[in-house]
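Quick notes on the structure that follows.
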Amino acid sequence: MDLIDDSPAPPGNQPEYTVSELSGAVKRVIEGEFGLVRVRGEVGRVSRPASGHLYFDLKDDRSVIAAISWKGQVARMQVRPEEGMEVVATGRMTTFPGQSKYQLIVEDVAPAGAGALMAMLEKRRAALQAEGLFDAARKKPIPYLPKVIGVVTSPSGAVIRDILHRLRDRFPRHVLVWPVAVQGQDCAAQVAAAIRGFNALPEGGAIPRPDVLIVARGGGSLEDLWGFNEDVVVRAAAGSRIPLISAVGHETDTTLIDFAADLRAPTPTAAAELAVPVRLDLLATLEALGARLTRGIGQGVVLRRQRLRDLARALPRVETLLATPRQRLDAGALRLGAGLGLAVAKKHREFDRLAGRLQPQALRAGLARQRDQLTGKSERLTRAILRRVERLGDVLRPISGRLAPALARMLGDAGRKVAEGQRDLGRLADRLDAAPAARFVRLRDRLEALDRTRVTLGYHETLKRGYAVVRGDGAVVTSKAAAEKAVALEIEFGDGKLAVGGRAGRRAKGEGESGQGSLF
């Protein structure tokens, strides 16, 4: 027998597994033993693919566990794991046979103490501040007396009642409440949507656009207020075109929306006080200013009246100022009468002088002289025209001899064109004479056709088919009640009209026949 036996060992009672069977057995053991576990560790290597699932690692100083959260589980998480956070993950262990690895299916993630949350909060605050979302230069002033105030908060909590009560005490304003969840996984998305929704309201629309917004919530732990530290809420507050007041938590609570808001209030009640002034204080201030204005106006009038009196003493009297001009006016009035008389006499003398020059004998003598001059000029003009014509005739006779043949040809062509024009004119005249007759025939045929249509469609043709028209008191009767009210009736048939008694006739006939009925 050899000291070393290389022959295979005989098969025993140990069963054989396939790879899938062994993987399934391991999976059942792990899921059975670790159906629900809570694991504390540091988050590392976070991956967010387009599918919406979340892949990350949980590690300590010696080991690493792969973790995964499905899309629905990620949506329900209040805190999303970020690299470097220390968290407590709740879930179940399972295996992934395709890679022979085990992994933790995480259903919820909670920070492993306030220290981790504060570290993550500080990291996020530094990142947002680096983007300039917390700069004081971009903050907008809060309006002194807004007409409409928008409140983003829970409609069932004590916060909204405190805000409304404080506004009613200080200065009642129109309040629009946008209900949101102020805690939990839906808090951040709803608050951001409310801020954007208020900003989307149009000016002058059916729903008034707020002049200032208040985002409010009561006090709570850091985890309860975590929704107001989310990136989406901070960006919505920083991008709001409407001035925004943050009133989240108590005075000692601080969230990231406080840095992005235009003004931070320590409490929701303080936010209402910052939004509006005290109405009674305004009225008192207004009354005080009105009293000061009245006193100032009165004192100003008194001072100006005294100043006017002082200046009036330095002015000369009115009588003194007007004495010299009045005297000059009187002297001028005295000279005016004599001056007018002299002017009239001078004008009379000038008129008489001119009238003597315009006697009839002088006018006739002037006209005779002008007539003799005109006659002499006309005779000279006639002689000059005759001489001019004779010279032009001498010049044109040689020219006319040369132009006679060309003129004859031109006259012949013109004669032919005139003859052709006369023939065309004759043809057009014939057509013009025939056109009215043809149009008259067409119009007469059309009129006859329309008349035949009128007769065919008239009610007389309907009467010939056995119908009748009933008239009462000159109008067509279409009902029994109208026929009973008519004084007299007239029936028109196809071959004539028939007059019958109306209401009076029927009454008389009814009395005479003692109950005998009648159609009319």
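A Cβ-based charge dipole, computed about the Cα centre of the chain with Lys and Arg at +1 and Asp and Glu at -1, lands at about 7660 debye.
Heavy atoms only, probe 1.4 angstrom, no DNA, RNA or ligands counted: give me Phe440, Phe259, Phe198, Phe34 ranked by accessible area, highest first. Display every interim value, and only then the final one.
Working: Phe440 125, Phe259 80, Phe198 5, Phe34 105 Å².
Listed by decreasing accessible area, they come as Phe440, Phe34, Phe259, Phe198.
The mean sequence separation of alpha-carbon pairs under 8 Å and at least six residues apart, normalised by the residue count of the stretch 184-243, gives a relative contact order of 51 percent. Straight-line cross-link partners of Lys71 among the lysines, defined as a Cα under 28 Å from its Cα and at least 8 positions apart when in the same chain: Lys27, Lys59, Lys101, Lys123. Computed on the stretch 25-69, with alpha-carbon pairs under 8 angstrom and 6+ residues apart, the relative contact order is 26 percent. Each principal axis of the Cα cloud of the stretch 65-127 was evaluated for its coordinate range; sorted largest first, these ranges are 42, 21, 21 Å. Mean sequence separation of contacting Cα pairs (under 8 Å, at least six apart), scaled by the length of the chain, corresponds to a relative contact order of 7 percent. Taking all protein chains as shown and a probe of 1.4 angstrom, His460 keeps an accessible surface of around 100 Å². Ranking Ala384, Gln373, Val278 by Cα position along the charge dipole of the chain, where only Lys, Arg, Asp and Glu carry charges on their C-beta atoms, puts Gln373 farthest toward the positive end. For Val88, the accessible surface of its heavy atoms amounts to roughly 20 Å² (probe 1.4 Å, protein chains only, rounded to the nearest 10).
Only helices reaching 30 angstrom along their own axis (Cα) with mean Kyte-Doolittle hydropathy no lower than -0.5 count here, and for the DSSP H runs of the chain these are 279-314, 318-357, 360-457. Here the accessible area of the chain is 59 percent carbon and sulfur, with a 1.4 angstrom probe and all protein chains present. By a 1.4 Å probe calculation restricted to protein chains, Trp226 has an accessible surface near 10 Å², given to the nearest 10.
State the Cα centre-to-centre distance between the stretch 439-502 and the stretch 47-99 in whole Å. Result: 98 Å between the Cα centres.
Averaging the Cα positions of each part gives two centres, and for the stretch 218-284 and the stretch 102-160 these lie 10 Å apart. Each label was represented as a point 7 Å from its Cα along the Cα-to-Cβ direction; for Arg431 and Val88 these points are 11.3 nm apart. Let me have the 222 nm mean residue ellipticity of the chain computed from DSSP H runs of 4+ only, each contributing -39500 (n - 2.57), with the sum over all residues rounded to the nearest 500. Value at 222 nm, helices only: -18500 deg cm²/dmol. Computed from the Kirkwood radius of its Cα pairs, the Stokes-Einstein diffusion coefficient for the chain at 25 °C and 0.890 mPa s stands at 60 µm²/s. Listed by chain and number, the lysines whose alpha-carbon sits under 25 Å from that of Lys147, ignoring those within fewer than 8 places in the same chain, are Lys139. Solvent-accessible surface of the chain, averaged per residue with a 1.4 angstrom probe and all protein chains in place: 70 square angstrom. Residues Ile207, Ile245, Ile65, ordered by accessible area of protein heavy atoms at a 1.4 angstrom probe radius and largest first, appear as Ile207, Ile65, Ile245. Most tightly packed first, judged by the mean number of other beta-carbon atoms within 10 Å of their residues, the peptides 464-476, 91-103 read 91-103, 464-476.
The 1.4 Å probe gives accessible areas that order Glu83, Glu492, largest first, as Glu83, Glu492.
The values are calculated or read from the model by the stated rules, or taken from the named source; none is laboratory data. Bear in mind that the values here come from a model prediction, so they are computed numbers and not experimental data. With ideal geometry, Cβ positions are generated from the backbone for all residues, glycine too; neighbour counts draw on all protein chains shown. The protein model used for the area step is the full one, side chains on, heavy atoms only, and it has no ligands, DNA or RNA in it. Shrake-Rupley method; radii C 1.70, N 1.55, O 1.52, S 1.80 Å.
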